[in-house]
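Structure, as structure tokens:
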Amino acid sequence: MATLFHYIDQVKEIELTPNNLNEVDILIINELTYLPFDLYLSPKNNYQNPKMLYDLFKEYQLNSKLHHIENAILVTEKRYKLFEKVAEAPRYRDISVFNFVNHFSEKNNKQFCALTYRLPGNQLLVSYRGTDDTLVGWKEDFKLAYEEDIPSQLEAKKYISSIIKEVAEDALMISGHSKGGNLALIAGLSLPTDVIETRFLHLYLFDSPGLTASQIHLPEYQALKPYIYRYIPEDSVVGKMMFHDIKPIIVKSNHISVFQHDIMHWRIQDTQIERTTQTTDASNIIDRTLKQWCNQYSATELATFFDFGFQLLELAGAKTLNDISKDLLDFIKKVNLVKADIDNEKKEQFMTIGNQLLAIWKENYHQHQKEKIHSIHTDVSYFFENLSDKTRDTFNLDQISEKLPQSLKLTNLEQLTDKLPSKLSLNPVDGIGHRISSKLNIDVFADWLENFNQNKH
């Protein structure tokens, strides 16, 4: 199962040109924007005075261990390794960077970062960073659920405006992962029509939130849609948030659940991100749950809920995710201490809204399992109804029965359809799903039956 590292090894000697630049190259370059380049890029590094990517790595390399210690969540070992392989690959040696901007304001709840890459063939890639590990950044993320024009979105429009004024002719692309993708969308909406028509190439969204309901209908968005490539993993959560009307490219990952949000785990197949056909049941349930939950509350109620949650974390002394994760048990103790001093009415409202989220999820989960069971009942019936007479005559029920738990051993074929649903046991705690006894997983069995029935047509 190839990764970004395997891809770089395969193409490192192939010169990068506008003709062979592909989505994997964009994904790799975009990921580098997460690294802290503040010490190495200044306002002097503009379009006229860019810094070569290789030179940037050599400077960054001197402090790489320090950066990792200071921010292990953002500056992961895999990101550093990716930067190293990119810098050493001849394919990427002609890439330069300029106009690095990193603005952070605790007072204004703003976390914004962007960097522009100059690629061979007079092409620019404007890359917006997603959320870093600061609580300010995460708080701003949640504001997307109930506010328009958050501070980083205003910065995104300002940044792209400065780029197209500074560079009047080069072809333009925009990219972003997570919140960075939302910022890329907002920046794209602000592009003048003549820029879109004459020099804009693509907009890449990597598992990122969409737009508000009103923004989806803007003429500016409709003009931008043909240029957008939207990628989400099978277990996507973030990439389904807010509103989308562009069919996603669903990709495979080597990880599970929310960890698929990390593009370092995405699978690569030749010169593209490996595709699959649909998102998982878990992804669909969470998506439906979050949308239903948000629709039940006003913007004010949601703001109160999230503000209270972040207030708890801040009162306990956290400013970053790293502050929380470095000693989680100790941090939980601090939270329990400070919550006693917070207004009881706010605590009660927080718990009410939070419990409603859990209740909606539970209801959606059980509804999904009921639908799955009904589907299996139908498929099992179809399976046996469509067995040929010859197959029925040679079908060795005893052999099948011996492989089943005692509670499922049958005396005739017809009983199987009626027996299956009655032997399912719920197990919502471990999240594994419903099982027939301890051996037969419904999801696996359903997939097998679906394939069988498709082959019958």
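The values are calculated or read from the model by the stated rules, or taken from the named source; none is laboratory data. Predicted model only: the values in this text are computed from it and were never measured. Quick reminder, even Gly has a Cβ in these numbers, built from the backbone with ideal geometry, and neighbours come from all protein chains shown.
If a residue must be more than 23 Å from the chain's Cα centre (by Cα) and either closer than 17 Å to N355 by Cα or of a type in the set (D, E, K, R) (or both), how many such residues does the stretch 281-302 contain? Step through it out loud before you land on a result.
Start the filter on the stretch 281-302 by keeping residues that are more than 23 Å from the chain's Cα centre (by Cα), which leaves 296-301.
Filter once more, keeping what is either closer than 17 Å to N355 by Cα or of a type in the set (D, E, K, R) (or both): 296-298, 301.
Qualifying residue count, the stretch 281-302: 4.
Looking only at the stretch 64-71, decide whether some residue is farther than 30 Å from T300 by Cβ, of a type in the set (A, V, I, L, M, F, W, C) and touching a Phe, Trp or Tyr at 6+ places or on another chain (Cβ under 9 Å). Spell out the reasoning first.
First pass over the stretch 64-71, keeping only residues farther than 30 Å from T300 by Cβ: 64-71.
From what's left, of a type in the set (A, V, I, L, M, F, W, C): 66, 69.
Checking which are touching a Phe, Trp or Tyr at 6+ places or on another chain (Cβ under 9 Å) leaves us with none.
Within the stretch 64-71 (the criterion being farther than 30 Å from T300 by Cβ, of a type in the set (A, V, I, L, M, F, W, C) and touching a Phe, Trp or Tyr at 6+ places or on another chain (Cβ under 9 Å)), the answer is no, since none of the residues qualifies.
Being within 16 Å of Y47 (Cβ to Cβ), polar (S, T, N, Q) and touching a helix residue (DSSP H, G or I) at 6+ places or on another chain (Cβ under 8 Å) is the requirement here; does S152 meet it?
On the way: within 16 Å of Y47 (Cβ to Cβ): no; polar (S, T, N, Q): yes; touching a helix residue (DSSP H, G or I) at 6+ places or on another chain (Cβ under 8 Å): yes.
So S152 does not fit the description; no.
Quick test of your reading of the structure: K157 fulfils all but one of (1) in contact (Cβ under 8 Å) with a residue 40 or more places away in the chain; (2) charged (D, E, K, R); (3) surrounded by fewer than 20 Cβ atoms within 10 Å (Cβ to Cβ). Name the failing condition by number.
Evaluating K157 over (1) in contact (Cβ under 8 Å) with a residue 40 or more places away in the chain; (2) charged (D, E, K, R); (3) surrounded by fewer than 20 Cβ atoms within 10 Å (Cβ to Cβ) leaves (1) as the failure.
Return yes when N182 is in contact with a Cys (Cβ under 6 Å, 6 or more places away or on another chain), modelled with pLDDT of 95 or more and not charged (D, E, K, R) and no when it is not. Outline the logic, then answer.
Numbers: in contact with a Cys (Cβ under 6 Å, 6 or more places away or on another chain): no; modelled with pLDDT of 95 or more: yes; not charged (D, E, K, R): yes.
No.
If you go through the stretch 75-96 one residue at a time, how many are among the hydrophobic types (A, V, I, L, M, F, W, C) and in contact (Cβ under 8 Å) with a residue 60 or more places away in the chain? Reasoning before the result, please.
Going residue by residue through the stretch 75-96, those that are among the hydrophobic types (A, V, I, L, M, F, W, C) are 75, 82-83, 86-87, 89, 95.
So of that shortlist, the ones also in contact (Cβ under 8 Å) with a residue 60 or more places away in the chain come out as 82, 86, 89, 95.
Total meeting the criteria: 4.
Give the stretch 303-317 a look and list any residue that's under 24 Å from the mean Cα position of the chain (by Cα) and among the charged types (D, E, K, R), or say none.
D307
Determine, yes or no, whether E15 is in the same structural domain as M264 (by TED's automatic domain parsing), among the acidic types (D, E) and either free of Cβ contacts under 8 Å to residues at least 60 places away in the same chain or part of a helix (DSSP H, G or I) (or both).
Values: in the same structural domain as M264 (by TED's automatic domain parsing): yes; among the acidic types (D, E): yes; either free of Cβ contacts under 8 Å to residues at least 60 places away in the same chain or part of a helix (DSSP H, G or I) (or both): no.
Answer is no for this residue.
With the condition kept exactly as written, say whether any residue in the stretch 29-38 is outside any helix (DSSP H, G or I), surrounded by fewer than 20 Cβ atoms within 10 Å (Cβ to Cβ) and free of Cβ contacts under 8 Å to residues at least 24 places away in the same chain.
There is no residue in the stretch 29-38 that is outside any helix (DSSP H, G or I), surrounded by fewer than 20 Cβ atoms within 10 Å (Cβ to Cβ) and free of Cβ contacts under 8 Å to residues at least 24 places away in the same chain.
When you look at L41, is it over 19 Å from I268 (Cα atoms), in the same structural domain as L119 (by TED's automatic domain parsing), touching a strand residue (DSSP E or B) at 6+ places or on another chain (Cβ under 8 Å) and in a helix (DSSP H, G or I), yes or no? Break it down stepwise before answering.
Working: over 19 Å from I268 (Cα atoms): yes; in the same structural domain as L119 (by TED's automatic domain parsing): yes; touching a strand residue (DSSP E or B) at 6+ places or on another chain (Cβ under 8 Å): yes; in a helix (DSSP H, G or I): no.
Taking the combined requirement at face value, the residue does not satisfy it.
Looking only at the stretch 203-213, which residues are surrounded by fewer than 20 Cβ atoms within 10 Å (Cβ to Cβ) and in contact (Cβ under 8 Å) with a residue 60 or more places away in the chain? Give the steps one after another, and end with the answer.
Just the residues of the stretch 203-213 that are surrounded by fewer than 20 Cβ atoms within 10 Å (Cβ to Cβ), to begin with: 212-213.
Answer for the stretch 203-213, where residues must be surrounded by fewer than 20 Cβ atoms within 10 Å (Cβ to Cβ) and in contact (Cβ under 8 Å) with a residue 60 or more places away in the chain: just T212.
Among all residue pairs at least 6 apart or on different chains, which show Cβ distances below 8 Å where the first residue, located in the stretch 167-187, is under 15 Å from F200 (Cβ atoms) and of a type in the set (V, I, T) and the second is in a strand (DSSP E or B) and modelled with pLDDT of 95 or more?
Matching pairs, first to second residue: V167/L124; I174/L125; I174/V126; I174/S127; I174/Y128; I174/H202; I174/L203; I174/Y204.
Based on this model, can you work out whether Q10 counts as part of a helix (DSSP H, G or I) and without any contact (Cβ under 8 Å) to a residue 12 or more places away in the chain? Show your work before the answer.
Numbers: part of a helix (DSSP H, G or I): yes; without any contact (Cβ under 8 Å) to a residue 12 or more places away in the chain: yes.
Here the answer is yes, as Q10 does meet what is asked.
Which members of the stretch 51-74 meet the condition of being within 23 Å of L119 (Cβ to Cβ) and either free of Cβ contacts under 8 Å to residues at least 40 places away in the same chain or among the hydroxyl-bearing types (S, T, Y) (or both)? It would help to see each step written out before you state the result.
Residues of the stretch 51-74 within 23 Å of L119 (Cβ to Cβ): 51-61.
Once the filter is applied, which keeps residues that are within 23 Å of L119 (Cβ to Cβ) and either free of Cβ contacts under 8 Å to residues at least 40 places away in the same chain or among the hydroxyl-bearing types (S, T, Y) (or both), the stretch 51-74 yields Y54, D55, F57, K58, E59, Y60, Q61.
Could you grab me the full set of residues in the stretch 310-349 that are assigned to a helix (DSSP H, G or I), among the polar types (S, T, N, Q) and touching a helix residue (DSSP H, G or I) at 6+ places or on another chain (Cβ under 7 Å)? Even if it seems obvious, please write down each step before you answer.
First pass over the stretch 310-349, keeping only residues assigned to a helix (DSSP H, G or I): 310-315, 321-325, 328-341, 344-349.
Adding the requirement that they be among the polar types (S, T, N, Q) leaves 311, 322, 325, 336, 344, 349.
Q349, the sole residue that qualifies.
Is it true that some residue in the stretch 259-270 is touching a helix residue (DSSP H, G or I) at 6+ places or on another chain (Cβ under 8 Å) and modelled with pLDDT under 90? Explain how you work it out, then say what you get.
Restricting attention to the stretch 259-270, the residues satisfying the condition of being touching a helix residue (DSSP H, G or I) at 6+ places or on another chain (Cβ under 8 Å) are 259, 261, 263-266, 268.
Checking which are modelled with pLDDT under 90 leaves us with 259.
The answer is yes, given that some residue of the stretch 259-270 is touching a helix residue (DSSP H, G or I) at 6+ places or on another chain (Cβ under 8 Å) and modelled with pLDDT under 90.
If we scan the stretch 300-309, do we find a residue that is assigned to a helix (DSSP H, G or I), closer than 30 Å to A2 by Cβ and among the polar types (S, T, N, Q)? Break it down stepwise before answering.
Our first condition is that a residue be assigned to a helix (DSSP H, G or I); within the stretch 300-309, this holds for 300-309.
Cutting the leftovers down to closer than 30 Å to A2 by Cβ gives us none.
Checked against the condition, which is being assigned to a helix (DSSP H, G or I), closer than 30 Å to A2 by Cβ and among the polar types (S, T, N, Q), the stretch 300-309 yields no hits at all.
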